[in-house]
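> Sharing a structure below in C-alpha cells format, with a few things to ask.
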Amino acid sequence: MRLFFSIDPPQDFKNEVEKIQAGLRNRIAGTFVDPKVFHVTTLFLGNVLSHRVVKVSRAAAGVSGRISPFTLVLQGVGFVNGGLAVIFEENAAFSGLSESLRQSLKDTVNAKLMDWHEPHLTLLRYKKGAGEKALPNLAVPSEVTGLSFLASSFYLVESTLTSEGPRYRNVERFDLAGNAKMSR
C-alpha cells in the first residue's frame, strides 16, 4: 500500500487555496490538483507492506496522544517535491507531529522516503525537466497571506496512482491529544 499522513483543512481554507490555484492556471504549465482532494501532506511513507500497516497505525495512535491541536498558517507558495505547493509558517507542534511520526516509524518504513518529503499542500505537479527555473517568480496575494486553520486530527491515507491521477482513501483518523478512530 502506498501511504502517507495528512491533515484535512476545513472547506473555507480549501476555498481560499483554490483561489490561489486559479490565479496560477494561466501562468504555469502542469497538472493541477483537484481542489476536492486538497490535503496537507504531513509525512510520506511510500509503499508499506500490508502486514506493517498495523504497526504504522499503532505508532500514529501513540503520537496523536502526545500532540495537542495546533494552528497552521499559510506562509506562501513554493516548490516541493516536483510540484508547486502551499507552504506553512514554522510551527513547533506541526514539526513535532512530523518528526514524532518519522521517529516512531523509522524501523517500520523506508526512512529515506520519509526524509525526502516536506509538509505541504500541493497545488500542481509539473513535468520532470521543467524545473523551478522555468516557472515564473510567484507571489501569494496579500489577502491570503496569514490564512490559517486549527489542525485537530490527521489521517493515514492510501494513495493509488491511476492514469487519471492519484486516488486517495482515508484508512484511519487520529485525533490529536486523543484516541485513534477508524474512518470508513
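The values are calculated or read from the model by the stated rules, or taken from the named source; none is laboratory data. Quantities reported herein were computed from a predicted structural model and do not represent experimental measurements. Ideal geometry is used to build each Cβ from the backbone, glycine not excepted, and the neighbour counts take in all protein chains shown.
> Among residues belonging to the stretch 153-178 that are small (G, A, S) and within 14 Å of the chain's Cα centre (by Cα), point out the one that is nearest to F4 (Cα to Cα). Break it down stepwise before answering.
Of all residues in the stretch 153-178, those small (G, A, S) come to 153, 159, 163, 165, 177-178.
Remaining after also requiring within 14 Å of the chain's Cα centre (by Cα): 153, 159.
Working: S153: 14, S159: 8 Å.
If we take residues in the stretch 153-178 being small (G, A, S) and within 14 Å of the chain's Cα centre (by Cα), then S159 is nearest to F4 (Cα to Cα).
> Quick check on T71: is it crowded, with 17+ Cβ neighbours inside 10 Å, in a strand (DSSP E or B) and either at positive phi or hydroxyl-bearing (S, T, Y) (or both)?
no
> Restrict the check to the stretch 79-95 and report whether at least one residue is in a loop (DSSP other than H, G, I, E, B), out of contact with any Phe, Trp or Tyr (no Cβ under 8 Å at 6 or more places or on another chain) and modelled with pLDDT under 90.
yes
> Is it true that L124 is at pLDDT 80 or above, loosely packed, with under 11 Cβ neighbours inside 10 Å and part of a strand (DSSP E or B)?
It is false that L124 is at pLDDT 80 or above, loosely packed, with under 11 Cβ neighbours inside 10 Å and part of a strand (DSSP E or B).
> Which numbered condition trips up M114, out of (1) in a helix (DSSP H, G or I); (2) buried (at least 18 other Cβ atoms within 10 Å of the Cβ); (3) at pLDDT 90 or above?
(3)
> Among all residue pairs at least 6 apart or on different chains, which show Cβ distances below 6 Å where the first residue, located in the stretch 22-46, is within 11 Å of V157 (Cβ to Cβ) and touching a residue at least 24 places away in the same chain (Cβ under 8 Å) and the second is in a loop (DSSP other than H, G, I, E, B) and not aliphatic (A, V, I, L, M)?
Pairs that qualify, where the first residue is within 11 Å of V157 (Cβ to Cβ) and touching a residue at least 24 places away in the same chain (Cβ under 8 Å) and the partner is in a loop (DSSP other than H, G, I, E, B) and not aliphatic (A, V, I, L, M), are H39/D8; T42/P119; F44/H117.
> Return yes when F5 is modelled with pLDDT of 90 or more and either touching a strand residue (DSSP E or B) at 6+ places or on another chain (Cβ under 8 Å) or within 20 Å of L150 (Cα to Cα) (or both) and no when it is not.
yes
> Would you mind finding the one in R58, R27 that is outside any helix (DSSP H, G or I), of a type in the set (D, E, K, R) and more than 16 Å from the chain's Cα centre (by Cα)?
Only one candidate qualifies: R27.
> Looking only at the stretch 18-25, decide whether some residue is under 19 Å from E118 (Cα atoms) and of a type in the set (A, V, I, L, M).
no
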